[in-house]
Amino acid sequence: MGKVFTIDVSKCNGCFNCQLACKDEHVGNDWTPYAKPQPEIGQFWMKLQENTGGTIPKVRIHYIPQMCNHCEKPACAAVCPFEANYRRSDGFVILDPEKCGGCQSCRKACPYGAVYYNEELNICQKCTGCAHLLDNGYPLPRCVEACPTEALQLGEEEDMQDFIIGATVRMPQTGQRPRVFYRNIPGKFIAGTVYDPDEKEVITGARCRATNGGKTVEVSTDEYGDFWFNDLAMGIYDVVIEAKGYDYKTFEAINAQADVNLGDIPLTKATKPDR
């Protein structure tokens, strides 16, 4: 079955240790036949993607480590005319620098942008999974070793099933069967703060509902008047806010393709005393 990488996004704190460790291991070091030295700039075989959503003060950030997916059916290997790209029995996809002819077919074929071109050496390069270390008794790739929160792991597929079941991969529609599995990638959010403009006070316990395609999510405002609809699927939502003694507030067709901060939301006191 081979080895797989697993990444728990909820544990990643954005320290960039994985990215820096990869640079430390490969920049200036020749690990032929696994890889030639990685350039100091322009290549990130391990790259930490920062994702910022919302607007101040409703802002959230999460980080997603990205690397070669060591696919089970790698497009890079399928198109290489020099047979420089190959998949090993342990699951690692290696780009042999001594066979690479610099045609960049593999770089263009990779949908993940994980293959880079080294103009000086006229070769393509990418993550090796630190196979040069593992083949010589080292227990872990440098990126995994450097992760202080254990968000990033490497293990045998049969040993990682508890994580893999229910996990996702990047761009599964490619059919390449990536071997890097992710969990706890946040969905989108819709948030806001509800207040009484006359009393100049926040309204706590207001009932807030977000509806998309017949499915409704309900939350209440907290002690600060804030509400958060978290982990929403991308789509169009109608939001209704109600609180005792106030008129309803409705927001229609909110586009949650990105995180949405509705800002400070004033409620008007109801004209009927029984509301």
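Of the heavy-atom accessible surface of the chain (probe 1.4 angstrom), what whole percent is carbon and sulfur? List each step's numbers first, then the result.
On the way: 6820 of 14150 Å².
About 48 percent, which is the carbon plus sulfur part of the accessible surface.
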Output needed: Cys residues of the chain lacking any neighbouring Cys C-beta below 4.7 Å, sorted by number. 12, 15, 22, 71, 80, 100, 103, 110, 124, 130, 147, 208
Run the paramagnetic zone check for residue 30: 7 angstrom along Cα to Cβ, then residues of region 106-135 with backbone nitrogen under 18 Å. 118-126, 132-133
Reachable lysines from residue 47, Cα under 28 Å, same-chain residues fewer than 8 places away excluded? 3, 11, 23, 36, 58, 73, 99, 108, 126, 188
Amide N proximity, region 238-265 versus residue 230 label position 7 Å along Cα-to-Cβ, cut-off under 18 Å: 259-262
For the Cα atoms of the chain, what angle does the longest principal axis make with the long axis of helix 17-26, in degrees from 0 to 90, nearest 10? 10
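For n ≥ 4 DSSP H runs only, could you compute -39500 (n - 2.57) per run for the chain, divide by its residues and tell me the 222 nm figure to the nearest 500? Let's see the in-between values first.
Numbers: 6 runs with 33 residues, N = 275.
Counting only the DSSP helices, I get -2500 deg cm²/dmol.
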Centroid-to-centroid separation of region 239-258 and region 6-66 [C-alpha atoms, Å]: 39
Please state the charge dipole magnitude for the chain, taken about the Cα centre, from unit charges on C-beta atoms (+1 on K and R, -1 on D and E), reported in debye and rounded to the nearest 20. 700
Accessible area of residue 88 in the full protein assembly, 1.4 Å probe (Å², nearest 10): 40
In nm, the gap between the two label points placed 7 Å beyond Cα toward Cβ at residue 16 and residue 201 is 4.6
Residues in region 243-260 that a label on residue 215 would reach, taking backbone N under 18 Å of a point 7 Å out along Cα→Cβ: 253-260
How many nm is it between the label spots at residue 157 and residue 135, if each spot is 7 Å from the Cα in line with the beta carbon? 2.1
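Taking 0.36 nm per residue of sequence separation and subtracting the Cα-Cα distance, how much length would be gained by fully extending the chain between residue 171 and residue 240, in nm to one decimal? Mind dumping the intermediate values first?
Numbers: separation 69, 0.36 × 69 = 24.84 nm, distance 3.40 nm.
Here the answer is 21.4 nm.
The values are calculated or read from the model by the stated rules, or taken from the named source; none is laboratory data. Given the structure is predicted, the values throughout are model-derived calculations rather than measurements. Ideal geometry is used to build each Cβ from the backbone, glycine not excepted, and the neighbour counts take in all protein chains shown. Please note that ligands, DNA and RNA were not included when accessible areas were found on the heavy atoms of the full protein model with its side chains. Shrake-Rupley method; radii C 1.70, N 1.55, O 1.52, S 1.80 Å.
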